[in-house]
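Here the structure is laid out as structure tokens; the discussion comes afterwards.
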Amino acid sequence: MSERTCKHCGANDDVNLSKCGGCLKIRYCSRECQKHDRDRHRPECRVIMEARKLKRTHHQLWDAVENENLTTLQHLLTNNEINVNDATCWIAGQTPLYLACSYGSTSVVEILLTAEDIDANQAETDDGCTPLWIACQNGHAPVIELLLASSGIDVNQARMDDGCTPLFMSCQNGHASVVELLLTSSGIDVNQATTDDGATPLSMACTEGRAPVVELLLASSGINVNQALTTGSTPLFMSCQNGHASVVELLLASSGIDVNQATMDDGCTPLSTACQNGHAPVVELLLASSEIDVNQALTDDDGSTPLYWACSERHTHIVELLLAVSSIDLNKGCQGWSPLRIAQRNNSSEIVQLLEDAGAQ
Ligand SMILES: [Zn+2]
Ligand SMILES: [Zn+2]
């Protein structure tokens, strides 16, 4: 029955209906009808009024969290009617704890976590991000310390659409102090990859060139230094592609590193991508590694080598670096094009000279 009818007789004369003075919700067409319904309505009226009062209290809870009003917050939490995980007052199902964590309100988080019924893992409904996740994204280390100390915290709970974990997010944004905290927490999965492209926290830190974060990850037990994306790109590949020399240096010093592990689609090696993109300091580091295969070519139909790439992209200094390697194959090229031929076609006179001096054909 619509609320715009008399609760007793069902009349729907909109103009003449009046609301119950208590709950301000139930309507009657006449004093008579209200009187007849009184015994039935009394308990219902009380429930409606209590619910409204509780809703007001929840709004007060939110105000207290947003304005960091600690005294009010503490007082509200003594009300055992209150739902400390209330997600109805804010956008996207965010809880008071989520909001406080996103702001980095350490004192508010500390108080909320003392509430008996607090659910520290309750995620917002849009993306499934937890309070810990949002604190990690924003780099609020003191808040994260509190969350990690709270019982039942799920340190690996990921965002819904792409499986991005709190650790992944901290690595992406380069929050080294946060990464340090997460790595010491029990149950952390240091290699948990995203569900869309299989990127690990390490590969993300390498892509972004976050050297201090990479250092922490490499020192953590159980790290898989060669775990690749679904494309086959390893952390080393990502850092070489983007020219992050300091990160490459750290990776090359780590035990178990595979310096020649290539991508799956075209067989591109870390050295190839560094040569192609002109990252000379990275090439220098790779060439100093004892395991490097300087002639490893792409596996797709072009079969180009690191030297071919350096020549075709006109990176003179890299050509010099490669020619200084005794095991370099001067003539291995791509679909009939030798490094020398491609340099001639490009009119790269300096590179042509270097190749001819080295005995290339
Ligand atoms: Zn009536
Ligand atoms: Zn009422």
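Coordinate-derived values only; no laboratory data. Not measured: the values here are computed from a predicted model. Backbone-built Cβ (ideal geometry, glycine too); neighbour counts: all protein chains shown.
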Ser30/Asp162 FRET efficiency (R0 45 Å; Cβ-Cβ; nearest 0.05): 0.15
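As a test of the formula, what do you get for the chain when each DSSP H run with n ≥ 4 contributes -39,500 (n - 2.57) and the sum is divided by the residue count, at 222 nm and rounded to the nearest 500 deg cm²/dmol? Write down the numbers at each step before the final one.
Numbers: 18 runs with 172 residues, N = 361.
Rounded to the nearest 500, it is -14000 deg cm²/dmol.
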Estimated inter-spin distance, Asp197 and Thr78, nm [label 7 Å along Cα→Cβ]: 5.3
Calculated P(r) of region 80-162 - Cα pairs past 21 Å, %: 19
Label-point separation in nm, Glu249 to Gln361, each point 7 Å along Cα→Cβ: 4.1
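Report, to two decimal places, the Cα Rg of region 3-161 normalised by 2.2 N^0.38 Å (N = number of residues).
Working: Rg = 21.2 Å, N = 159, 2.2 N^0.38 = 15.1 Å.
Rg over 2.2 N^0.38 Å, computed on Cα atoms: 1.41.
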Candidates per trypsin sites (Lys or Arg not before Pro) in region 15-63, loop by DSSP, up to 15 other Cβ within 10 Å: Lys25
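Run the numbers for Glu116 and Arg4: contour at 0.36 nm per residue of separation, minus the present Cα-Cα distance, in nm. It would help to have the intermediate numbers written out before the result.
Working: separation 112, 0.36 × 112 = 40.32 nm, distance 4.10 nm.
Residue separation times 0.36 nm, minus the Cα-Cα distance, leaves 36.2 nm.
How much length is gained on full extension from Asp189 to Asn67, taking 0.36 nm per residue of separation minus their Cα-Cα distance? Walk me through the numbers before you get to the answer.
Details: separation 122, 0.36 × 122 = 43.92 nm, distance 3.52 nm.
Between Asp189 and Asn67, full extension yields 40.4 nm more.
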Overall dimensions of the chain as given by Cα atoms, namely Rg and Dmax in Å: 32.1, 111
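Go ahead and run the numbers for FRET between Arg40 and Thr88, Cβ-Cβ distance against an R0 of 25 Å, rounding to 0.05. Let's see the in-between values first.
Details: r = 29 Å, r/R0 = 1.14.
My answer for the efficiency is 0.30.
Using 1/(1 + (r/R0)^6) with R0 = 35 angstrom and r between the beta carbons of Ser107 and Lys53, what's the FRET efficiency to the nearest 0.05? List each step's numbers first, then the result.
On the way: r = 27 Å, r/R0 = 0.77.
Working from the Cβ atoms, E equals 0.80.
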